[in-house]
1. I'd like to check something: does segment A:136-149 contain any residue that is surrounded by fewer than 15 Cβ atoms within 10 Å (Cβ to Cβ), modelled with pLDDT under 95 and facing chain B (nearest Cβ under 10 Å)?
2. For segment B:45-60: of the residues being surrounded by fewer than 18 Cβ atoms within 10 Å (Cβ to Cβ) and in a helix (DSSP H, G or I), which is nearest to DNA strand D (Cβ to nearest atom)?
3. Mind listing whichever residues of segment B:54-102 are away from chain A (no Cβ under 14 Å), without any contact (Cβ under 8 Å) to a residue 24 or more places away in the chain and within 16 Å of DNA strand C (Cβ to nearest atom)?
4. On the given criteria, is residue B:79 over 13 Å from the mean Cα position of the chain (by Cα) and part of a helix (DSSP H, G or I)?
5. Scan segment B:17-44 for residues that are more than 9 Å from DNA strand C (Cβ to nearest atom), buried (at least 18 other Cβ atoms within 10 Å of the Cβ) and farther than 26 Å from residue A:125 by Cβ and jot them down.
6. Is it the case that residue A:128 is buried (at least 17 other Cβ atoms within 10 Å of the Cβ), within 16 Å of DNA strand C (Cβ to nearest atom) and part of a helix (DSSP H, G or I)?
7. Going by what's in this entry, would residue A:64 be described as loosely packed, with under 14 Cβ neighbours inside 10 Å and in contact with a helix residue (DSSP H, G or I) (Cβ under 7 Å, 6 or more places away or on another chain)?
8. Only residues that are in contact with a helix residue (DSSP H, G or I) (Cβ under 8 Å, 6 or more places away or on another chain) and either under 11 Å from residue B:115 (Cα atoms) or in a helix (DSSP H, G or I) (or both): list them for segment B:34-44, please.
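The values are calculated or read from the model by the stated rules, or taken from the named source; none is laboratory data. This structure is a prediction, so every number in the text was calculated from the model and none was measured. Positions of Cβ are backbone-derived with ideal geometry, glycine not excepted, and every protein chain shown enters the neighbour counts.
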DNA sequence: AATATATATTGCACCGAGTGCAGAAATTTC
DNA sequence: GAAATTTCTGCACTCGGTGCAATATATATT
């Protein structure tokens, strides 16, 4: 070891860069030719790697797009665990979620969403990814509020993800007219109303 | 037209029978060799058709399994439209759903569920299929109770499907110890509790 | 009953995603 | 600088899925 500054060797750095090149290449080609029409050969060429190497970075073609929305489960879970225990889970969830959506730019959200809609298999994988997120949120809820009844926490986790899904959906349908935060609020309000009658 | 009895000609009959043979062949082979290890050639051979013909009946291999749970959206929508208008949507949904789950046998539910879990792509398609069901339920709700606010109906549709999903999940995890109906009730109760506090 | 028309089945050639393997190239360790 | 590890690459292969054109079967027509 020559210097002791960074913890990152040449290997990790190159790996990170290559991965990014693949994502960039994928998004670029998907954007111009469409998802289905873009072959892995084309992506590999654009990213200056061999076709075989691609599979050392992604398990499949759709994972390029799925990786864009990865981390939702982790982030939501972390945000939940950061909430005070004495707050009710539903209120905590509301606060946690509103804190998350801020950083994303409307343009990129719309672009990614359009791409995902263009392919059935990607769409399917996206939903599957939501289910994993839901499971993570459930675990976080369960650990942070162990005294709450399990069925309620399952439902709450499912509501959390459904809210993200529905909000993104409406956001995309309205082409970004209302902010994600607004739509999330609307969803939380709707939940409160839903059971208040009869 | 020789006789006027049935509306079904030889064509429709054969088609129906062939489709059933394919499903039977698929389930049989999936059950013994696993989903991934079963090739379309094997299924075609078992169903006594050519590989090419398979694709005139199903768009893809996973559709054999997906077709098992198809119809959820239609059935739920129909059951909702059959509910009295003056009933609150949530109460109507509860009644409609409980009426639906009765006919299914626990064994077949568990068997199909196990198969679906064995393949990632099938799992993903299943979730995508749930989303379509959710959209159908939303449409039915919207048409049947046009005065209810849209966000609430979106949420309710999402809750309906989530309930099915979570109940099937628990049902499978508990290997059928509690009935689907019981689990659905539990989920509805949980929803009522969820917003009642603070 | 014979013929015309529509639909179903099949074989064939083809494409692209994904995998296993084994060797070459690059990085880290000593 | 050599040895050990990890990464990259090419090659051959399997399998799912599609387009096309020919054949076989069912239906409609006279």
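1. Looking for residues that are surrounded by fewer than 15 Cβ atoms within 10 Å (Cβ to Cβ), modelled with pLDDT under 95 and facing chain B (nearest Cβ under 10 Å), one finds none in segment A:136-149, hence no.
2. Result: B:52.
3. If the condition is that a residue be away from chain A (no Cβ under 14 Å), without any contact (Cβ under 8 Å) to a residue 24 or more places away in the chain and within 16 Å of DNA strand C (Cβ to nearest atom), then B:55, B:56 are the ones that fit.
4. Values: over 13 Å from the mean Cα position of the chain (by Cα): yes; part of a helix (DSSP H, G or I): yes.
For residue B:79, the condition - over 13 Å from the mean Cα position of the chain (by Cα) and part of a helix (DSSP H, G or I) - is met.
5. Hit for segment B:17-44 is B:25, nothing else.
6. Values: buried (at least 17 other Cβ atoms within 10 Å of the Cβ): yes; within 16 Å of DNA strand C (Cβ to nearest atom): yes; part of a helix (DSSP H, G or I): yes.
Yes, satisfied.
7. On the way: loosely packed, with under 14 Cβ neighbours inside 10 Å: no; in contact with a helix residue (DSSP H, G or I) (Cβ under 7 Å, 6 or more places away or on another chain): yes.
No; evaluated as a whole, the condition is false for this residue.
8. Of all residues in segment B:34-44, those in contact with a helix residue (DSSP H, G or I) (Cβ under 8 Å, 6 or more places away or on another chain) come to B:35, B:38, B:40-44.
Listed by number, the residues that qualify are B:35, B:40, B:41, B:42, B:43, B:44.
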